[in-house]
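Heads up: the structure comes next, in structure tokens.
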């Protein structure tokens with residue numbers, strides 16, 4: 001079970017990738033007091049944990065309600081995650097997450113309270129987007145008992161805490177790593193994510209064609 005939790009944490013780590021949201025967090029909280037920055041980071045990370053927990057519990061039921069087989073969703077989700085990985089390795093970022101340059105940050109800060117900007121756009125879709133949600137649903141579809149469900153939720157709690165720590169250290173991380181360092185980290189995470197995507201696709205093939213593999 002410990003190995004399974006580590007594997008799930010790794011998948012969440014490279015998909016959510018809090019380092020990719022550091023610049024947006026700093027821009028959104030420019031001029032905020034430390035207490036308000038903590039509040040934004042706390043709400044964003046709580047949103048991530050709630051999202052992971054919800055789709056862990058309801059993911060399989062949602063697929064059944066939509067008439068989608070687990071194997072088909074694994075294949076689709078694996079391909080989506082693989083495309084994300086390819087873009088990350090090419091230094092193009094996550095294609096299903098918004099470009100930070102497209103945000104009107106002054107408008108966001110003027111019209112939304114900190115709680116709203118912490119949820120959208122910081123947590124959703126900047127940190128946990130379609131790729132992350134798809135991966136949660138894929139893992140939830142493989143759950144056979146409360147122990148495995150707890151493993152996914154624990155992994156979600158761990159990555160949420162990690163995201164909070166990363167956001168609170170955003171200024172120092174950005175100064176130490178710089179744009180080049182963050183870009184290198186994104187490429188490394190893309191390589192790890194590609195391995196996760198292949199495993200998801202192989203599991204989907206096993207589900208759809210049990211006699212093939």
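Every number in this text was worked out from the coordinates using simple rules, so none of it is lab data. Please read all numbers here as calculations on a predicted model, not as lab measurements.
Could you tell me how many degrees, from 0 to 90 and to the nearest 10, lie between the Cα long axis of helix 170-208 and the main elongation axis, the longest principal axis, of the Cα atoms of the chain?
Compared with the principal axis, the helix lies near 20 degrees.
Cut-off 10 angstrom, C-alpha nodes, Gaussian network model of the chain. Which of 118, 11, 169 fluctuates the most?
The residue with the greatest mean-square fluctuation here is 169.
Can you give me the C-alpha center-to-center distance between region 154-204 and region 132-146, rounded to a whole angstrom?
One Cα centre to the other: 20 Å.
Name the most mobile residue of 33, 51, 135, meaning the one with the largest mean-square fluctuation, in a Gaussian network model of the chain with Cα contacts below 10 Å.
33
Would you mind telling me which residue in 141, 186, 150 has the biggest mean-square fluctuation in a Gaussian network model of the chain, where springs connect alpha carbons within a distance under 10 angstrom?
Looking only at 141, 186, 150, the largest GNM fluctuation is found for 150.
Angle, helix 70-89 long axis vs. longest principal axis of the chain, Cα atoms, 0 to 90°, nearest 10?
40 degrees
Which log10 I(q)/I(0) values, to two decimals, does region 1-65 give at q = 0.19, 0.21, 0.22 Å⁻¹ under the Debye formula with one point per Cα?
One equal scatterer on each Cα of region 1-65 leads to -0.89, -0.98, -1.02.
Would you compute, from DSSP H runs of 4+ residues alone, the mean residue ellipticity of the chain at 222 nm, taking -39500 (n - 2.57) per run and dividing by the full residue count, rounded to the nearest 500?
-25500 deg cm²/dmol
Run the numbers for residue 179 and residue 157: contour at 0.36 nm per residue of separation, minus the present Cα-Cα distance, in nm.
5.1 nm
Any chance you could give the angle, 0 to 90 degrees and rounded to 10, that helix 146-168 forms with the longest Cα principal axis of the chain?
The answer is roughly 20 degrees.
Normalized C-alpha radius of gyration of the chain, against 2.2 N^0.38 Å?
Its radius of gyration relative to the 2.2 N^0.38 Å reference: 1.03.
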